[in-house]
1. Within region 13-72, count every residue that is more than 16 Å from Y168 (Cα to Cα) and β-branched (V, I, T).
2. Evaluate region 54-69: report whether one residue or more is within 18 Å of R134 (Cα to Cα), surrounded by fewer than 16 Cβ atoms within 10 Å (Cβ to Cβ), modelled with pLDDT of 95 or more and not acidic (D, E).
3. Name the single residue that is farthest from G128 (Cα to Cα) among those in region 192-208 being open to solvent by 50 Å² or more (accessible area, probe 1.4 Å) and not hydrophobic (A, V, I, L, M, F, W, C).
4. Out of A189, A151, A172, report the one residue that is among the small types (G, A, S) and open to solvent by 20 Å² or more (accessible area, probe 1.4 Å).
5. Within the set of pairs 6+ apart or on separate chains, which have a first residue in region 171-187 that is in contact (Cβ under 8 Å) with a residue 24 or more places away in the chain and more than 13 Å from R114 (Cα to Cα), a second that is open to solvent by 60 Å² or more (accessible area, probe 1.4 Å) and charged (D, E, K, R), and C-beta atoms under 7 Å apart?
6. If we scan region 125-135, do we find a residue that is open to solvent by less than 10 Å² (accessible area, probe 1.4 Å), out of contact with any strand residue (DSSP E or B) (no Cβ under 7 Å at 6 or more places or on another chain) and farther than 20 Å from E48 by Cβ?
7. Determine if region 97-116 includes at least one residue that is within 16 Å of E191 (Cα to Cα), among the basic types (K, R) and open to solvent by 60 Å² or more (accessible area, probe 1.4 Å).
Amino acid sequence: MNVTISPDHDTSLPEELLDFLPCATPNAWVDWALDNETLLLIDHAQCEKKAASTAMSLMYRYVDHVDLLTKMSQLAREELLHFEQVVKIMRARGIEYRHLSASRYAEGLRELVRRDEPERLVDVLIVGALIEARSCERFARLIPHLDDELAKFYRGLVKSEGRHFEDYITLASQLSDAPIEARIAVFKAREEQLVTTPDVAFRFHSGVPA
């Protein structure tokens, strides 16, 4: 199932990204985010840092894949820059960066990752693609409701990060011994469940409020 663009979607999202996601972020999450802007920014910063960390981890673990090393190096630098930018916005608004417990989202996807190589790497890359695509879709859902500064910042993130998911999927296809469409479908089904079912704590990748 493809994502249908709702009236509050920022239309700068690539069509390929919307086609990749199994569903749209529920309106209930958007309302929850707008009621928790402080948590939104803190967890957003944390997500950017985690994305950089994941990219670096892949670089250290898979040193024999040149294309992966190049893409992950580029991605890590970009994600760290975005982390710094989020923290700067937080500081200007008097919001202190602090640790938050992770949502069930990423771990829920990683539970499906196979253990043996190269299947493990393929699955990890598919997970990375879904996380990147969902993040951009949520930026776009929020943009019409944010103040000018945040809206401009998130619009820039959509523009710069909107194709990251394709980098992950391209690498997964290159490194797999078989077509990956079936594996993508498995992860999409789990991803849809995670974003549409209740969560007790708000996070950038949480489901709907319980």
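The values are calculated or read from the model by the stated rules, or taken from the named source; none is laboratory data. All of these numbers come straight from a predicted model, not from anything done at the bench. Note that we place each Cβ from the backbone using ideal geometry, even for glycine, and neighbour counts take in every protein chain shown. What goes into the accessible areas is simple: the full protein's heavy atoms, side chains included, and nothing from ligands, DNA or RNA. Shrake-Rupley method; radii C 1.70, N 1.55, O 1.52, S 1.80 Å.
1. The qualifying residues number 5.
2. Within region 54-69 (the criterion being within 18 Å of R134 (Cα to Cα), surrounded by fewer than 16 Cβ atoms within 10 Å (Cβ to Cβ), modelled with pLDDT of 95 or more and not acidic (D, E)), the answer is no, since none of the residues qualifies.
3. This residue is P198.
4. Answer to the check: A189.
5. From region 171-187, the pairs are L171/D67; L171/K71; Q174/D67.
6. yes
7. Yes, region 97-116 has at least one match.
Conditions (1) out of contact with any Asp or Glu (no Cβ under 9 Å at 6 or more places or on another chain); (2) in contact (Cβ under 8 Å) with a residue 24 or more places away in the chain; (3) assigned to a helix (DSSP H, G or I), marked per residue:
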residue	(1), (2), (3)
A33	yes, yes, yes
I42	no, yes, yes
A52	no, yes, yes
A55	no, yes, yes
Y60	yes, no, yes
D67	yes, yes, yes
L75	no, yes, yes
